[in-house]
Amino acid sequence: MSLADATAAAFGLLVSGDATLWQIIWVSLKTSVIGLLLATPVAVLLGYAIASYRFPGRRIAIWLAQAALSLPTVLIGLLLYLLLSRHGPWGALHWLFTQPGIIFGQFIIAMPVLVAFTLAAVQAADPRFAETAIAHGASPWRVMTTVLHEVRFGVMAAVISGFGRVISEVGCALMVGGNIAGETRTITTAIALETSKGEFAQGIALGIVLVAIALLMNGALMLLQGDAHAARGRA
């Protein structure tokens, strides 16, 4: 099959509502969104705490948060496979080759992105926001919500970037999920499988969906950056 024929067949699969194709897309979106939603509050609180408080080992914490951004997802997948396997310390959870296992992997993958972006956003914030809140007798929780509200565009950019990272990764989803049809087969693992089988139409169709998601995420990020610049201009 030529590239033109495969591409035409790919659009045909998307338009026709092919059940297998859309099930793969649904599994990807479901596991990515749930993993991101679970990671976001934990990572934002952690990023804020590292940026705002002085404590022994703070430099090491910042270094680790930034270094974790470059960890290959396949390495994370290998570690989780060993932890979740039958003889691993978390084997009793029975999460290996299941959607909860993939969600846990997406949680781990999203954490460094969310922590590092939140950390950078809080560090770049005007310290007078926190100082003013403290001077008015605000509680630590109120100070934190005030600062995070001021850097909300940076936090939202972190969430968007985190989503882009988890939905496009393949190593962890393949090792922890096992690429089981109808259960743990995601967009990226399906692309790898279909390409290896020579079934390029479905691979191209899923690639189109992945590119569309990437364009939407980057468009949303550009809009947020524009809103952030507009907000600073009004201030």
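From the coordinates of this entry, Cα extents along the principal axes in Å is computed, and it appears in (i) 53, 43, 32; (ii) 68, 49, 24; (iii) 52, 40, 32 under the label (ii). Solvent-accessible surface of the chain, taken per residue with a 1.4 Å probe and all protein chains present: 54 Å².
The calculated FRET efficiency for residue 15 paired with residue 222, based on their beta-carbon distance and R0 = 25 Å, is about 0.30. What the Cα convex hull of segment 114-235 gives, in volume per residue, is 121 Å³.
For the pair residue 59 and residue 42, the difference between a 0.36 nm per residue extended length and the Cα-Cα distance amounts to 4.1 nm. A simple spin-label model places pseudo-atoms 7 Å from Cα toward Cβ; at residue 215 and residue 22 they are separated by 2.1 nm.
Of all the accessible heavy-atom surface of segment 38-187, with the other protein chains kept in place and a 1.4 Å probe, what percent is carbon and sulfur?
Values: 5390 of 7760 Å².
The nonpolar share, carbon plus sulfur, comes to 69 percent.
Full extension of the chain between residue 68 and residue 85 yields a length gain of 3.8 nm, computed as 0.36 nm times the residue separation minus the alpha carbon distance.
When the chain is treated as a GNM, springs tying every alpha-carbon pair under 10 Å, which of 40, 184, 20 comes out with the largest mean-square fluctuation? With Cα springs under 10 Å in the chain, the top fluctuation among 40, 184, 20 is at 20.
The values are calculated or read from the model by the stated rules, or taken from the named source; none is laboratory data. Every value quoted in this text rests on a predicted model; they were computed, and no experiment measured them. Reconstructed Cβ throughout: ideal geometry from the backbone, glycine too, with neighbour counts over all protein chains shown. Each accessible area value is taken on the protein alone, full model and side chains, heavy atoms only, with ligands, DNA and RNA left out. Shrake-Rupley method; radii C 1.70, N 1.55, O 1.52, S 1.80 Å.
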